[in-house]
1. Given (1) free of Cβ contacts under 8 Å to residues at least 24 places away in the same chain; (2) touching a Lys or Arg at 6+ places or on another chain (Cβ under 9 Å); (3) surrounded by 15 or more Cβ atoms within 10 Å (Cβ to Cβ); (4) not polar (S, T, N, Q), where does Val36 come up short, assuming only one miss?
2. So, in region 11-22, of the ones that are aliphatic (A, V, I, L, M) and surrounded by 15 or more Cβ atoms within 10 Å (Cβ to Cβ), which residue ends up farthest from Lys77 (Cα to Cα)?
3. Could you list all residues from region 21-41 that are part of a loop (DSSP other than H, G, I, E, B) and modelled with pLDDT of 95 or more?
4. Of a type in the set (Asp, Glu), open to solvent by 90 Å² or more (accessible area, probe 1.4 Å) and either under 12 Å from Ala79 (Cβ atoms) or at pLDDT 95 or above (or both), is that true of Asp48?
5. If I ask for residues that are in a helix (DSSP H, G or I) and touching a residue at least 12 places away in the same chain (Cβ under 8 Å), which ones from region 42-58 would you list?
6. What pairs come up if the first residue lies in region 101-117 and is of a type outside the set (A, V, I, L, M, F, W, C), the second is at pLDDT 75 or above and loosely packed, with under 12 Cβ neighbours inside 10 Å, and their beta carbons are under 8 Å apart, counting only those six or more places apart or on different chains?
7. Out of region 54-76, which residues are modelled with pLDDT of 95 or more and of a type outside the set (A, V, I, L, M)?
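The values are calculated or read from the model by the stated rules, or taken from the named source; none is laboratory data. The model shown is predicted, which means the values in this text are computed figures rather than measured ones. Because the Cβ atoms are built from the backbone with ideal geometry, glycine has one as well, and the counts that use them run over all protein chains shown. Heads up: the accessible areas ignore ligands, DNA and RNA and are worked out on the full protein's heavy atoms, side chains in. Shrake-Rupley method; radii C 1.70, N 1.55, O 1.52, S 1.80 Å.
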Amino acid sequence: VSSFSSKPQIFIGKVPPGTPLDLLQAHLVPLGATGVRQLENKGCAFADFRTRQEAEHAIAALGGLVLAQGFEGINVKMAEPKGGGGGAAAQRAAAGAGKPKVFIGGLCPGVAEPTIHEACSHFGVVVEAKVHSKGVGTPL
């Protein structure tokens, strides 16, 4: 996320593809954002604020804002500290702390996480499986 995450930071999700950074800045800077970073091709952005109160006001003001016709409104919430976080992802990470991670490339389109769990379970406990797809893979 950011090396200076001691500042209050918000996460902006469901950002439509092709949304220019200056459009995000036009909505965030007037609400007190001191820095806005958009993650290319991830559909999200982060914004820093001087105070938690400013960040919470931006969340209330921008939640559900529609940035492009034909897309859902954006999702805005306080950003979780990188690596710290909370919720289900943090619980899975804690359960797998110190355990090896394995990357499997070249999966066929449509391969889902349960398939990975099943295929790898005979090696041991599978804590988490994430399937990322960029293009066409080759069969297993």
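1. (2)
2. Filtering first and then ranking leaves Val15.
3. Gly32, the sole residue that qualifies.
4. Considered against the rule, which asks whether it is of a type in the set (Asp, Glu), open to solvent by 90 Å² or more (accessible area, probe 1.4 Å) and either under 12 Å from Ala79 (Cβ atoms) or at pLDDT 95 or above (or both), Asp48 comes out as no.
5. Arg52, Glu54, Ala55, Glu56, His57, Ala58 - these are the residues of region 42-58 that are in a helix (DSSP H, G or I) and touching a residue at least 12 places away in the same chain (Cβ under 8 Å).
6. Pairs that qualify, where the first residue is of a type outside the set (A, V, I, L, M, F, W, C) and the partner is at pLDDT 75 or above and loosely packed, with under 12 Cβ neighbours inside 10 Å, are Glu113/Lys130.
7. Result: Glu54, Glu56, His57.
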